[in-house]
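Reading through the structure tokens given below for one structure.
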Amino acid sequence: TAPSSVMKLSAALFVVAVAQDSNPGDAKMAEYKQDFVDFDLNKDDLIDAQEIRTQFQGDLDPKELHQFFIDCDKDDSGTVTLQEYIDYAITLS
């Protein structure tokens with residue numbers, strides 16, 4: 001079956017191949033952090049929808065973006081923290 005839209009978005013956004021291990025090694029943690037920093041364009045330690053849209057230059061389905069935030073933004077703040085991103089990335093298979 002084809003990957004879900006959320007899986008495709010996550011892969012495209014962060015280029016992460018995540019092990020199902022709930023305790024990633026140092027190399028994976030460094031990769032997650034670097035991926036997050038790359039998308040945090042204004043360097044406020046948060047990723048918002050505008051930063052993602054900017055990186056994709058309008059080439060992103062709004063439904064996929066919305067689903068990503070539903071899945072990742074656990075405190076419903078409208079932004080994704082590094083910890084929220086790492087928690088989310090660890091759950092991907």
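A short reminder: the numbers here are calculations on the coordinates, not readings from a lab. Just so it is clear, the structure is predicted and the values come from calculations on it, not from any experiment.
Structure data summary
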{"quantity": "Whole-Å semi-axes of the ellipsoid equivalent to the stretch 28-93 (Cα gyration tensor, √5λ, descending)", "calculated": "17, 14, 12"}
{"quantity": "Vicinal HN-Hα couplings computed from phi for the stretch 49-66 (Karplus, 6.51 cos²θ - 1.76 cosθ + 1.60; Hz; Gly/Pro x)", "calculated": "4, 5, 5, 5, 4, 4, 4, 8, 6, x, 9, 9, 5, x, 5, 5, 4, 4"}
